[in-house]
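Quick notes on the structure that follows.
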Amino acid sequence: MSLREGNSNHSTWMDKSSQYMLREWIISPPYLEMKMFLIPTVICFVTAIFVTPCILFTIFSNITMRRETRFLLLGNTLVCDLIYLVFYTTTSICNVMNVKMPKHFCVIILFLLSVTFSAGVLTAVATVVDTYLAILWPLHYASLLTAKRTKKILILLWLSSFFFPAVVFVSLYFTQVPGPCPLELCSLPVILVMTLNGDDSLKLCYILFLIIFLLCFLLLLCCYTILCYKTKETGIWKGVTSRASITFSMHHLLLFFYFSPLLILLAESLLYIAGIIGLRTGLMVTLTICNVLVILPKAASPCLYGLRYREIYNALRLFFKLKKRQLVSPVMTT
């Protein structure tokens with residue numbers, strides 16, 4: 001937030017009512033609305049906290065599944081989503097309960113949220129590339145992506161996820177001037193809206209991050225388009241109910257839920273900067289994106305993948321003892 005009073009070199013386009021509303025939201029947030037947006041977050045968190053550890057245990061306890069690239073990437077995605085849900089749900093509950101977080105603790109949580117979100121996006125890109133190589137280059141796939149090489153790729157993904165947010169956080173820490181209204185509410189939606197009221201460097205970092213994530217989405221879309229075009233003559237698309245059609249539909253649905261919040265957030269940011277929508281509308285849209293659209297795929301993906309992958313599904317059935325016992329009828333001898 002860069003509403004610097006008494007600074008003649010910096011002028012803000014926000015009117016007095018918007019300034020007053022933003023300060024009131026920070027100092028005395030509307031807890032009723034925050035409680036309403038907390039409901040879907042808690043439901044998704046509870047769903048993920050029960051399903052995700054079971055799938056992770058199934059993957060990492062099976063030697064064969066630990067050696068396959070797709071399961072390693074799936075496990076990394078689920079770890080990123082689970083960590084993100086834990087930290088985001090914790091901050092949301094603290095905000096609703098009016099628990100004030102120390103400034104440095106809030107910064108650490110925001111940094112971890114950005115790291116886990118970035119790692120999830122990069123892992124999604126790696127998953128699509130893995131599918132692309134497995135389908136189009138099946139003869140060279142086993143030699144290109146071995147288990148050892150996949151683990152190195154995952155380490156590189158985590159290092160990249162730590163590096164870029166760290167550069168932004170450090171640069172903003174040394175360049176930003178504190179505003180007149182101290183931030184006591186560690187709320188990601190409010191901070192995102194405050195970012196749009198900052199100076200040009202802060203807005204530039206914000207827009208660049210959104211554009212980078214959207215470029216990743218375009219890469220995924222191009223890969224899936226090429227896959228559909230290359231495989232349409234192989235006979236795997238026999239109908240809507242074929243296994244290939246259902247698998248690709250599931251991947252497209254999850255990717256849409258992963259990246260559609262970024263598209264909406266970019267559109268909302270541009271409309272807000274242009275003054276087309278007001279501050280309250282921007283806050284409501286950002287709350288909807290952060291508490292519903294971003295959280296939903298992180299809870300839905302373990303359920304869909306757990307039902308779709310036969311190895312995981314069969315292991316889960318054995319784990320929960322849901323496998324039906326086959327009745328063996330005795331053989332009658334004459």
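The values are calculated or read from the model by the stated rules, or taken from the named source; none is laboratory data. Computed from a predicted model, the values in this text were never measured in an experiment. Quick reminder, even Gly has a Cβ in these numbers, built from the backbone with ideal geometry, and neighbours come from all protein chains shown. The accessibility values were calculated without ligands, DNA or RNA, using every heavy atom of the protein model including side chains. Shrake-Rupley method; radii C 1.70, N 1.55, O 1.52, S 1.80 Å.
Some notes on this structure:
Residues are listed down the side, and each one gets a yes or a no for (1) open to solvent by 30 Å² or more (accessible area, probe 1.4 Å); (2) at pLDDT 75 or above; (3) touching a helix residue (DSSP H, G or I) at 6+ places or on another chain (Cβ under 8 Å):
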{"residue": "Ser11", "(1), (2), (3)": "yes, no, no"}
{"residue": "Ser17", "(1), (2), (3)": "yes, no, no"}
{"residue": "Arg23", "(1), (2), (3)": "yes, no, no"}
{"residue": "Leu74", "(1), (2), (3)": "no, yes, yes"}
{"residue": "Val79", "(1), (2), (3)": "yes, yes, yes"}
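- The set of residues in segment 118-156 being under 16 Å from Tyr84 (Cα atoms), open to solvent by less than 30 Å² (accessible area, probe 1.4 Å) and not polar (S, T, N, Q) consists of Ala119, Gly120, Val121, Ala124.
Let's see how each residue does on (1) of a type outside the set (A, V, I, L, M); (2) modelled with pLDDT of 75 or more; (3) touching an Asp or Glu at 6+ places or on another chain (Cβ under 8 Å):
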| site | (1), (2), (3) |
| --- | --- |
| Leu214 | no, yes, no |
| Leu219 | no, yes, no |
| Thr225 | yes, yes, no |
| Thr234 | yes, no, no |
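- Whenever a residue of segment 136-152 is under 19 Å from Thr64 (Cβ atoms), its partners that are open to solvent by less than 70 Å² (accessible area, probe 1.4 Å) and outside any helix (DSSP H, G or I), lying with C-beta atoms within less than 9 angstrom and at least six residues away or across chains, give the pairs Ala147/Glu68; Thr150/Glu68.
- Ser92 being at pLDDT 85 or above, in contact with a Pro (Cβ under 7 Å, 6 or more places away or on another chain), among the polar types (S, T, N, Q) and under 26 Å from Met284 (Cα atoms): no
- Scope segment 96-142; condition touching a Pro at 6+ places or on another chain (Cβ under 7 Å) and polar (S, T, N, Q); matching residues: Ser114, Ser118
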